[in-house]
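The values are calculated or read from the model by the stated rules, or taken from the named source; none is laboratory data. The model shown is predicted, which means the values in this text are computed figures rather than measured ones. All Cβ positions, glycine included, derive from the backbone under ideal geometry; neighbour counts span all protein chains shown. For accessibility, only protein heavy atoms count, side chains too; no ligands or nucleic acids. Shrake-Rupley method; radii C 1.70, N 1.55, O 1.52, S 1.80 Å.
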Amino acid sequence: MTDLVAERQSPQGRRRRPSGEPPPLPHELNRAAIAWLVAFVGFAVIWAWIVFSDAPAIWITERDLGIAGPIVDNRKDWLTPTMQRINRLGTSWVTPIIGWCIIIGGLAARRIRHVLLLIAALTVVAALSTVVSMEMSRPRPLGVTQIGHWEGFAQPSQPVALMTTALVAGGLTLTPLGRWRRIWALAAAAMVVVFGLAQVYVGVDHPSDVLSAATSGVAITLLLYRVAAPERIFPIAYGTGKTAHLDVTGARGEAITLGLREQLGIVATDIRPVGLEGSAGSTPLRISQRDGPDIFAKLYARNHLRSDRSYKLGRTLLYGRLEDEQHFTSVRRLVQHEDYMLHVMCRAGIGCTEPLGLIEITPEREYLLVTEFLTGAKEISEMEVTVELIDAGLAEVARLWEVGLAHRDIKPANVMVQNGKPRLIDVAFAQVRPSPWRQAVDLANMMLVLALGSSPELVYERALLQFSEDEIAEAFAASRGVTLPSQLRAQVRRDGRALLDQFRSLAPDRKPVAIQRWSLRRVGLTAWVALIVASLLSIFLDNLSDIGLL
């Protein structure tokens, strides 16, 4: 790949992707999903043909009975009770047990998207099998004594379809890609094959009923999961940190390397995650380049955009629109905003990282924000907080106030110290011309960060050199749990010194600033969300039996 790229480079060492050329990480189904989808389309064509003509139905039934006849005619007394038990278990018990285990396990692992996809897959498969069976009206195997439980028409076999759906969804929701996924797939295939054989043995299904049902369950489930929860963006992993952090090895690592070379002329020699503990909205990376110092980058993808939307919707419902809670409409706008705020802050003389450019990995899906790497810098929680550092940190907030900016996410992970000076990073939430409330919250959060490594009395004393008593009182009157970033809130709780109360006792008395913001928009949005949730929950509960969960 490297030689090919070198041939296509411009004299400046950069290359523009020609119109029509696919991105290095296209949104596509893998070969297995495509194969199952093709098979499902084949059955769909056959179903449509049968609705308009009896000829294919007669031909298929003859072949089905040719396969099922010898199996039924050679039933064994020692095997029949086992097959009947498998029929009862598969029809009434296996799918509900597996389905609820996946729902509980998925919720415990905070894979809400995957749980919703399981329910969607079961709903689609159940609806499809019901519609197809009603249209085709295929009877149970003729001339065969049924010795197992069944109801409705035969084609496709709804119990097999629902079991297959639950098993495939379970593998895609709970098992990591690799060895455990393969083990699950083999076990699931064995269960479906055994259940399908039992259905044919007890005479309630034709072989084609089982085959079409299993194909439908696999194809529909794979399609939903691959489109709505692709493995590259929503990997299944345990003990590897936050779900916001994407894997930067393999195809994505190659795409990042290619993008850096072609779009910024940077030849990367190593890409590795850094500072994952303090980042929940992106994947931070340290990149080594062949000719030059290390650089820093933040990888944004659609899951980060959805997280931003969910976070801001939740804030609006719980507290009203505190200020600018409008969500970003695309990943491109999200990364453009942070790049813009870095330029604004650098121009204003705020201590931050210098932006170096943006990389497009896949249009509207994945982008890379590239900045300088703060060599030798450490998180402020790892440093001794001296008087000089306190003064410098408070000076950054004062400068933000002067130029009409707000950082909006001041916490220990976002205050780095390089050569004794604080540098503010992660400006994705930063705002131009913020409300006075937001500026006050920035001051309170910075004072809390500094007090974690010193004392409230010292920080308050130094703050009086740059802010008035009324401004400090306002800052802590506006502060409470919701205004503190999660990392800062956790560290303040672990500190055990009741820092907020101590600062409030040092500052003049000030009535707490109201956090709640009521408006017609908030009331309407809350009512609309409640109505949607109630309706979906009602539909889900009313159809538990139809989708195999009861």
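Observations
- Cβ-based net charge around PRO141, under 13 Å, with every Lys or Arg adding one and every Asp or Glu removing one: -2
- Projecting the Cα atoms of VAL160, PRO235, GLY203 onto the charge dipole of region 153-275 (Cβ charges, centred on the Cα centre) puts PRO235 farthest toward the positive pole.
- Average Cα contact separation per residue, the chain, under 8 Å, 6 or more apart, as relative contact order %: 12
- Accessible area of the chain divided out per residue, in Å², using a probe of 1.4 angstrom: 49
- Remark: relative contact order (region 85-215) = 35 percent; criterion is Cα-Cα distance under 8 angstrom and separation of 6 or more residues.
- Here each label is just a point 7 Å from Cα along the line to Cβ, and for ALA395 and LEU313 those points are 4.5 nm apart.
- By a 1.4 Å probe calculation restricted to protein chains, VAL274 has an accessible surface near 50 Å², given to the nearest 10.
- Relative to one another, the C-alpha centroids of region 79-136 and region 447-491 are positioned 53 Å apart.
- Our helix-only sum for the chain, with -39,500 (n - 2.57) per DSSP H run of n ≥ 4 divided by its residues, gives a mean residue ellipticity at 222 nm of -18500 deg cm²/dmol.
- Residue (of LEU405, ILE350, GLY420) at the positive-pole extreme of the chain, dipole from beta-carbon charges: LEU405
- Probe 1.4 Å - accessible area at VAL38, Å² to nearest ten: 100
- Using Cβ point charges alone (K and R +1, D and E -1), the dipole size of region 333-484 about the Cα centre works out to roughly 280 debye.
- Only the Cβ atoms of Lys and Arg (+1) and of Asp and Glu (-1) were treated as charged; on that basis the dipole of region 314-396 about its Cα centre amounts to roughly 420 debye.
- Taken as entire DSSP H runs, the helices of the chain that both span 15 Å or more between Cα atoms along their own long axis and average 0.5 or more on the Kyte-Doolittle scale are 31-52, 55-73, 94-108, 112-136, 158-174, 179-201, 207-228, 387-403, 436-452, 520-542.
- For region 480-514, trypsin sites (Lys or Arg not before Pro) are listed when DSSP marks them as loop and at most 13 other Cβ atoms sit within 10 Å of their Cβ; the list is ARG497.
- Heavy-atom SASA rank of PHE195, PHE429, PHE52 (probe 1.4 Å, accessible area, largest first): PHE52, PHE429, PHE195
- Lysine pairs with alpha-carbon atoms under 23 Å apart, the chain, spacing 8 or more or separate chains: 12
- Of the accessible area of the chain, computed with a 1.4 Å probe over protein heavy atoms only, carbon and sulfur atoms account for 61 percent.
- Listed residues HIS245, HIS327 arranged by accessible area, highest first, probe 1.4 Å: HIS327, HIS245
- Where trypsin sites (Lys or Arg not before Pro) fall in DSSP loop in region 148-254, at most 14 other Cβ within 10 Å: LYS242
- Protein-only accessible surface at a 1.4 angstrom probe places the residues ASP509, ASP426 in the order ASP509, ASP426, largest first.
- Magnitude of the charge dipole, region 443-521, Cβ model with Lys/Arg +1 and Asp/Glu -1, debye to 20: 540
- Here ILE58 sits with roughly 100 square angstrom of accessible surface, probe radius 1.4 Å.
- For chymotrypsin sites (Phe, Trp or Tyr not before Pro), the sites in region 62-141 that DSSP calls loop and that have at most 14 other Cβ atoms within 10 Å are TRP78, TRP93.
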